[in-house]
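Novice: Just passing along the structure, written as structure tokens.
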Amino acid sequence: MLLEVKGLSKNFAGLRAVHSVDFTVQKGEILGLIGPNGAGKTTIFNMISGSLKPNEGRILFKERDITGLSPPRICLLGITRTFQIVKPLPRLTVLENVMVGVFSKVKDARKARGRALEVLEFTEQLPKKDLVASSLTLGEWKKLEVSRALATSPEILLLDECMAGLNTKEISDAIHLIGKIRERGVTIIVIEHVMKAIMSISDRIVVLNHGEKIMEGTPEQVANDPEVIKAYLGEDYAKR
């Protein structure tokens with residue numbers, strides 16, 4: 001098992017954000033995390049990536065306990081993430097933004113530039129390499145965020161709503177890119193509210209509500225589960 005989350009809990013000033021959540025992720029898998037706003041999805045990402053320490057529970061990566069390690073340390077081990085609110089470095093070029101990701105593991109500037117160019121070619125952003133990040137559209141920012149994360153050469157990539165706010169064409173492109181990333185052997189955990197997308201790309205889906213896991217299964221099983229329909233999907237989705 002590549003990643004194991006065991007009994008993960010997080011409280012904020014008495015508010016229970018995540019309570020005793022368990023799930024596993026196998027190498028090469030795409031695992032979806034869905035649920036209403038405030039269900040605890042991003043809090044779980046924050047704990048896996050090290051920006052938050054859980055009150056209870058453990059996170060095991062390749063059987064190693066990484067609970068509470070710092071974000072730089074976890075990145076070095078092979079887990080990186082994108083953010084729901086994109087955070088480009090606006091005054092740097094697209095290429096320089098991606099080089100920042102490479103510098104987490106490569107210190108030589110020439111090698112970092114070469115690696116960044118390879119990533120941009122893979123994500124089809126190479127033609128925009130010399131543009132300053134502030135000039136990009138939201139969709140381009142989202143892809144740049146993925147490019148910068150890939151530049152760290154992760155084994156596990158955490159994608160936090162990388163399709164939010166995108167148009168139909170951009171969503172299709174994002175789905176295609178996620179498939180390409182998986183083909184390269186990267187394991188992916190994705191938070192997404194675009195149900196057509198999450199259902200089409202995920203091997204399994206974990207459903208959260210009020211900080212607790214209420215269901216885990218294949219996309220088809222999740223889409224037809226009465227509790228999931230009531231808590232999140234709604235009857236209109238179930239009738240499609």
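Residues are listed down the side, and each one gets a yes or a no for (1) modelled with pLDDT of 95 or more; (2) touching a helix residue (DSSP H, G or I) at 6+ places or on another chain (Cβ under 7 Å); (3) over 25 Å from E216 (Cβ atoms):
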residue: L157; (1), (2), (3): yes, yes, no
residue: V186; (1), (2), (3): yes, no, no
residue: I189; (1), (2), (3): yes, no, no
residue: M195; (1), (2), (3): no, yes, no
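Novice: Out of all the residues in region 83-90, is one or more touching a residue at least 40 places away in the same chain (Cβ under 8 Å) and at positive phi?
Specialist: no
Novice: Would you check which residues across region 6-26 are surrounded by 15 or more Cβ atoms within 10 Å (Cβ to Cβ) and either more than 13 Å from E212 (Cα to Cα) or touching a helix residue (DSSP H, G or I) at 6+ places or on another chain (Cβ under 7 Å) (or both) and list them?
Specialist: Here is the first cut: in region 6-26, the residues surrounded by 15 or more Cβ atoms within 10 Å (Cβ to Cβ) are 6, 8-10, 16-19, 21, 23-25.
Selection gives L8, K10, A17, V18, V21, T24, V25.
Novice: Here's a follow-up. State all residues of region 151-171 that are within 15 Å of F61 (Cβ to Cβ), of a type outside the set (S, T, N, Q) and crowded, with 19+ Cβ neighbours inside 10 Å; if no residue qualifies, say none.
Specialist: Passing the criteria: P154, I156, L157, L158.
Novice: May I pose another question? Return only the number of the condition from (1) in contact with a strand residue (DSSP E or B) (Cβ under 6 Å, 6 or more places away or on another chain); (2) within 21 Å of H193 (Cβ to Cβ) that G7 does not satisfy.
Specialist: Condition not satisfied by G7: (2).
Novice: Looking at region 46-82, which of its residues are touching a strand residue (DSSP E or B) at 6+ places or on another chain (Cβ under 6 Å), free of Cβ contacts under 8 Å to residues at least 24 places away in the same chain and of a type in the set (S, T, Y)?
Specialist: T67
Novice: Let me ask something else about it. Could you pull out the residue among K27, K41, K10 that is in contact with a Pro (Cβ under 8 Å, 6 or more places away or on another chain) and modelled with pLDDT of 95 or more? Quick ask: steps written out before the conclusion?
Specialist: Details: K27 fails: in contact with a Pro (Cβ under 8 Å, 6 or more places away or on another chain); K41 fails: in contact with a Pro (Cβ under 8 Å, 6 or more places away or on another chain).
Step by step, each of K27, K41, K10 is checked, and only K10 is in contact with a Pro (Cβ under 8 Å, 6 or more places away or on another chain) and modelled with pLDDT of 95 or more.
Novice: In region 69-82, what count of residues is obtained for those that are hydroxyl-bearing (S, T, Y) and on the phi > 0 side of the Ramachandran plot? Full working, then the answer.
Specialist: Kept after step one, since they are hydroxyl-bearing (S, T, Y), are these residues of region 69-82: 70, 80, 82.
Retained after the next criterion (residues that are on the phi > 0 side of the Ramachandran plot): none.
The qualifying residues number 0.
Novice: If you go through region 224-240 one residue at a time, how many are modelled with pLDDT of 85 or more and surrounded by 11 or more Cβ atoms within 10 Å (Cβ to Cβ)?
Specialist: Start the filter on region 224-240 by keeping residues that are modelled with pLDDT of 85 or more, which leaves 224-230.
Next, only the ones that are surrounded by 11 or more Cβ atoms within 10 Å (Cβ to Cβ) stay: 224-225, 227-230.
Matching residues across region 224-240 total 6.
Novice: For region 135-187, give me each residue that is under 12 Å from the mean Cα position of the chain (by Cα), within 17 Å of M199 (Cα to Cα) and not aliphatic (A, V, I, L, M).
Specialist: Within region 135-187, D160, E161, C162, T187 qualify.
Novice: What pairs come out if I take residues in region 5-24 that are more than 14 Å from T43 (Cβ to Cβ) and pair them with residues that are surrounded by fewer than 19 Cβ atoms within 10 Å (Cβ to Cβ) and small (G, A, S) whose C-beta lies under 6 Å away, six or more apart or interchain?
Specialist: Note: pairs meeting the criteria are K6/G57; G7/S20; G7/G57.
Novice: Same structure, new question: Among the residues of region 105-118, is there at least one that is under 18 Å from the mean Cα position of the chain (by Cα) and closer than 22 Å to D160 by Cβ?
Specialist: Taking region 105-118 first, the residues under 18 Å from the mean Cα position of the chain (by Cα) are none.
No, because not a single residue in region 105-118 is under 18 Å from the mean Cα position of the chain (by Cα) and closer than 22 Å to D160 by Cβ.
Novice: Moving on. Residues in region 68-76: is at least one of a type in the set (V, I, T) and either within 20 Å of the chain's Cα centre (by Cα) or closer than 27 Å to H193 by Cα (or both)?
Specialist: Here is the first cut: in region 68-76, the residues of a type in the set (V, I, T) are 74.
Going one step further and asking which of them are either within 20 Å of the chain's Cα centre (by Cα) or closer than 27 Å to H193 by Cα (or both), we end up with 74.
So far as region 68-76 goes, yes, one or more of its residues are of a type in the set (V, I, T) and either within 20 Å of the chain's Cα centre (by Cα) or closer than 27 Å to H193 by Cα (or both).
Novice: For region 215-223, state whether one or more residues are crowded, with 17+ Cβ neighbours inside 10 Å and either out of contact with any strand residue (DSSP E or B) (no Cβ under 8 Å at 6 or more places or on another chain) or basic (K, R) (or both).
Specialist: Checked region 215-223: at least one residue is crowded, with 17+ Cβ neighbours inside 10 Å and either out of contact with any strand residue (DSSP E or B) (no Cβ under 8 Å at 6 or more places or on another chain) or basic (K, R) (or both).
The values are calculated or read from the model by the stated rules, or taken from the named source; none is laboratory data. All values reported here derive from a predicted model rather than from experimental measurement. Note that each Cβ is placed from the backbone with ideal geometry, even for glycine, and that neighbours are counted across all protein chains shown.
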